[in-house]
1. Normalized C-alpha radius of gyration of region 3-75, against 2.2 N^0.38 Å?
2. Using a Förster distance of 25 Å, how high is the FRET efficiency between Val78 and Asn175, based on the Cβ-Cβ distance and rounded to 0.05?
3. Taking one equal scatterer on every alpha-carbon of the chain, how large is log10 of I(q)/I(0) by Debye at q = 0.08 1/Å?
4. Between the helical axis of 107-125 and the dominant principal axis of the chain, each derived from Cα atoms, what acute angle in degrees is found, rounded to the nearest 10?
5. If you add up the charges near Asn149, with Lys and Arg at +1 and Asp and Glu at -1, over every other residue whose beta carbon is less than 15 angstrom from its beta carbon, what do you get?
6. Zone of Ser34 (label point 7 Å along Cα→Cβ, backbone N under 19 Å): which residues in region 58-97?
7. Provide the gained length on full extension for the span Asp138 to Arg11, in nm with one decimal, where the gain is 0.36 nm per separating residue minus the Cα-Cα distance.
8. Short version: ³J(HN,Hα) in whole Hz for each residue of region 240-254, in order, from phi by Karplus 6.51 cos²θ - 1.76 cosθ + 1.60 (θ = phi - 60°), x for Gly and Pro, what are they?
Amino acid sequence: MSDGGQTEDARARLTRLHDTLRSRICLLDYAPGSRLSEETLAAEFGTSRTPLRRALARLEDEGLIQTQHGVGTIVTDVDLAEMGRTYELRRELAGLAGRLSPVEVTPDIAAQAHDFVARGRELAGSPDAREFARLNMDFFHFGASLTENEALRETSERLYYRTARIWLKSIPRLNLGEEVRIFLSELEQTAAAIEGHDLLAAALIRQALDLLRDTQGITRAALGAQVDALGFYEKLGFAPYGGVFDDAGIDHRMMELRLPC
């Protein structure tokens, strides 16, 4: 094998190691405060300390672990105040995914979106917190793949994993079945938008619904839609009401979406 091939394989192994450890942290397999043993991990993954330490260094840079002198490598806890601010930034970035270098929608992308809907419906039939978290994680990566803007993808991914643990830690206070139902609605809306080849609409609507669901007391969202676009918004759950009106020389109708209380 050439030196270039060996380097590529080494990078791929490092990425897999990093991603596996990151997933375990975010799925709470490694709970906050847990100590990660380099010796144990090296033996489990069949690797030397050098690539393992590189993976751990990336995780520490991402704020998921912390090296403490005389103690070792410790999984960090979730600072809810900081996570709230991070989540706000994540939500703003979500709206950029359909605006900055969006990919061309292909039949394969549309099929992937509908596969997520199928997984969501299966989960709705038998809600499970861990499977919900994994589906959410997979769907995040799918959404990130819809832009070719590498800086946006990397920043969004970094912020996502900073906040991913919040949900699992909040499980005891949540109605899991209702949370799954809300997420399934988002999957269906996104699939409809992708089927309509409108990634910008998909990104902006998901961003708006996230904001509205996080704003206590709001149960209804309304918008003025161009008449030619009514079918698209109906697929996302909006219903028209009232008559046709003119806005900038274009026929519009009001549409509303009822939000979960």
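Rule-based calculations on the coordinates, nothing more; no lab input. Only a predicted model underlies this, so the values are computations on that prediction, with no experimental measurement involved. Every residue, glycine as well, gets a Cβ built from its backbone with ideal geometry; the counts of neighbours run over all protein chains shown.
1. Against the compact-globule rule of thumb, the ratio is 1.11.
2. Details: r = 21 Å, r/R0 = 0.84.
That pair, Val78 with Asn175, gives E of 0.75.
3. So the normalised log intensities work out to -0.40.
4. The angle comes out at about 80 degrees.
5. -3
6. Within reach of a label on Ser34: 58-68, 71-79.
7. Working: separation 127, 0.36 × 127 = 45.72 nm, distance 2.16 nm.
Extra length available between Asp138 and Arg11 comes to 43.6 nm.
8. Per-residue couplings from phi come out as x, 8, x, x, 6, 9, 9, 9, 6, x, 10, 5, 10, 9, 6 Hz.
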